[in-house]
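The values are calculated or read from the model by the stated rules, or taken from the named source; none is laboratory data. Because the structure is predicted, anything quoted here is derived from the model rather than measured. Backbone-built Cβ (ideal geometry, glycine too); neighbour counts: all protein chains shown. Surface areas here come from the heavy atoms of the whole protein model, side chains and all, with no ligands, DNA or RNA. Shrake-Rupley method; radii C 1.70, N 1.55, O 1.52, S 1.80 Å.
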Amino acid sequence: MKWSPFAVIAGAALLSVAPAIAAPIQPPAPPSNSSYSSSPHVFMVAGSTQTEIPVGMAQQFLANQSRGILFMPTNVTTRMGYFLAQAPAIVSPSTPAFEVNIAGVSWADPAHIVPVIIRLQSTKGHEHVIGTQTTNTAVFTSVSTVDPITDDRVSAKADLIGKWRFRITPSQSLEPGEYAIAVRDPDVKAWSGKTGDPANTPPPMQQMFQMYAWPFVVKSGQQ
């Protein structure tokens, strides 16, 4: 099949601008000067002793990207990975218990919050990966749909032990490795928006806080 010079030039031109057109819409980071800057407090519990785990804000990297059609792409699927820059500093026993306190966190609705334990991964040269997020972009309309983060969750039991407090424990002993506590909304949906459109509905606040994590490590022989 022959391509006309116009078609080849047009296709090349579209490919040259497609990455800019199809740049995924990412939920904005919480403004540092607003009440969004408040975050939950997470503690490792051992008897009457509680050790607070510092919060980490994940950074992103391009996991992979695919386009529908080579010369005239109509949509682009982008998968971003999120990783913590620092290795976990808190060492946990293999059968830990954690308390998550969301008192004073304006965006946290106890009816739509579930603390989870996630296993951190290593991929594409990045360590401490908390999960991935997929964005589907329609090139010609510049509309993107951002899915909730997909993570590797550990089976655990989360109990509401107070108005703003949760206790979470793994269902079985944790194998040596890196983990983190994260706060999720089981009802959070994919978020869509048009690039640069001020009429976009803001993403759910829980969607914005998916990249926060409280990391810890279980070492070999740790009881």
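Quick notes
- Value in Å of the Kirkwood radius, where the stretch 50-175 supplies the Cα pairs that are averaged: 17.2
- Length-normalised contact order of the stretch 67-209 in % [C-alpha pairs under 8 Å, at least 6 apart]: 29
- Relative compactness, the stretch 105-223, computed as alpha-carbon Rg over 2.2 N^0.38 Å: 1.25
- In this rough spin-label picture, where each label sits 7 Å from Cα along the Cβ direction, the PHE140-MET72 distance is 0.8 nm.
- Within the full protein context, the accessible area of LYS189 is estimated at about 140 Å² for a probe radius of 1.4 Å.
- Cross-link table LYS163/LYS194; LYS189/LYS219; LYS157/LYS189; LYS157/LYS194; LYS124/LYS189, entries beyond 30 Å C-alpha to C-alpha: LYS163/LYS194; LYS189/LYS219; LYS157/LYS194
- Each Lys or Arg adds one and each Asp or Glu takes one away; over the other residues whose Cβ falls under 13 Å from the Cβ of GLN60, this sums to +2.
- Gyration tensor over alpha-carbon atoms, the stretch 172-223, equivalent ellipsoid semi-axes in Å: 37, 11, 8
- Relative contact order %, the stretch 145-223, counting alpha carbon pairs below 8 Å whose residues are six or more apart: 36
- √(5λ) per eigenvalue of the Cα gyration tensor, the stretch 94-144, largest first, Å: 30, 22, 8
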